[in-house]
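J.: Would you mind keeping the following structure in view while I ask a few things?
The values are calculated or read from the model by the stated rules, or taken from the named source; none is laboratory data. This one's a predicted model, so the numbers in the text were calculated from it and none came from an experiment. Glycine gets a Cβ as well: all are built from the backbone with ideal geometry, and neighbour counts include every protein chain shown.
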Amino acid sequence: MTIAAKKVRVQVDLSETEAKLINHLTERLSVRSRADLLQQAYGTFLWVLTERLSGNRIVSVDSANVDKLERYKELSIPAVEPLLFDHYEHLVVRPESNYRQAYLRGRNMRVGQLIYTMRANSLNAEEAAADMDLPLAQVREAQVYYQINRALIEQEADEEKQHLIDAGISLEPLHLSR
């Protein structure tokens, strides 16, 4: 007969955005609950800590270059494995595009365009979905993608602005006189 380990409840305060991301990941990954997701994240953190305390470094290597390494340990997180094949249900990457950020599946709209349109028009996810005739799940997935890839999306927006300026296009608001 085995004695069950005593469990201790831990409370974590998260921002609204962090909570949405955890809920999204819980739905998309091979986990039963947020607790399972956080336990796997904790296990991953312990592995990283053990490796660092052993004098090892944690690095990311492009899969095309991994064969060039003489020795390495590969981190395997079972819950993340499904993401390697189907990361987003409602978003797609278009390698033929000049943009690295994802597009909304079935639309010629980048995630950044959706998010910036929502901001400009003060739309929440439900209002944006209704206004643009999009599935609510697609808008929510785009919001999560934006939070994860914010630096990339903002960099591409800055590059696009600079391209317009270089082409002689004014970005100043147009003032019409009567």
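J.: Here are some residues: L123, L104, L114, L134. Which one is at pLDDT 95 or above, touching a Ser or Thr at 6+ places or on another chain (Cβ under 8 Å) and surrounded by 10 or more Cβ atoms within 10 Å (Cβ to Cβ)?
T.: Values: L104 fails: touching a Ser or Thr at 6+ places or on another chain (Cβ under 8 Å); L114 fails: touching a Ser or Thr at 6+ places or on another chain (Cβ under 8 Å); L134 fails: touching a Ser or Thr at 6+ places or on another chain (Cβ under 8 Å).
When all the criteria are applied, what remains is L123.
J.: Cβ contacts < 9 Å: first residue outside the structural domain of Y146 (by TED's automatic domain parsing) and touching a residue at least 40 places away in the same chain (Cβ under 8 Å), restricted to segment 15-38; second residue surrounded by 16 or more Cβ atoms within 10 Å (Cβ to Cβ) and of a type in the set (D, E, K, R), any location; separation 6+ or different chain. Result?
T.: Short answer, once both residue conditions are applied: K20/R140; H24/R140; H24/E141; R28/E141.
J.: Within segment 58-76, can one find any residue that is under 30 Å from V12 (Cα atoms), modelled with pLDDT under 80 and not polar (S, T, N, Q)? Steps first, please.
T.: Going residue by residue through segment 58-76, those that are under 30 Å from V12 (Cα atoms) are 58-60, 74-76.
In the following step, the residues that additionally are modelled with pLDDT under 80 were identified as 74-76.
So of that shortlist, the ones also not polar (S, T, N, Q) come out as 74-75.
Scanning segment 58-76 turns up at least one residue that is under 30 Å from V12 (Cα atoms), modelled with pLDDT under 80 and not polar (S, T, N, Q).
J.: Next up: Would you point out the residue of segment 110-151, among those that are assigned to a loop (DSSP other than H, G, I, E, B) and within 23 Å of L25 (Cα to Cα), that is nearest to the chain's Cα centre (by Cα)? Don't jump to the end; show me each part of the working.
T.: Taking segment 110-151 and keeping what is assigned to a loop (DSSP other than H, G, I, E, B), we get 121-124, 133-135, 149.
Adding the requirement that they be within 23 Å of L25 (Cα to Cα) leaves 124, 134-135, 149.
Working: N124: 19, L134: 19, P135: 18, N149: 5 Å.
Across segment 110-151, the extreme among qualifying residues is N149.
J.: Just give me the residues in segment 24-40 being modelled with pLDDT of 85 or more and either of a type in the set (D, E, K, R) or surrounded by 14 or more Cβ atoms within 10 Å (Cβ to Cβ) (or both), in sequence order.
T.: R34, L38
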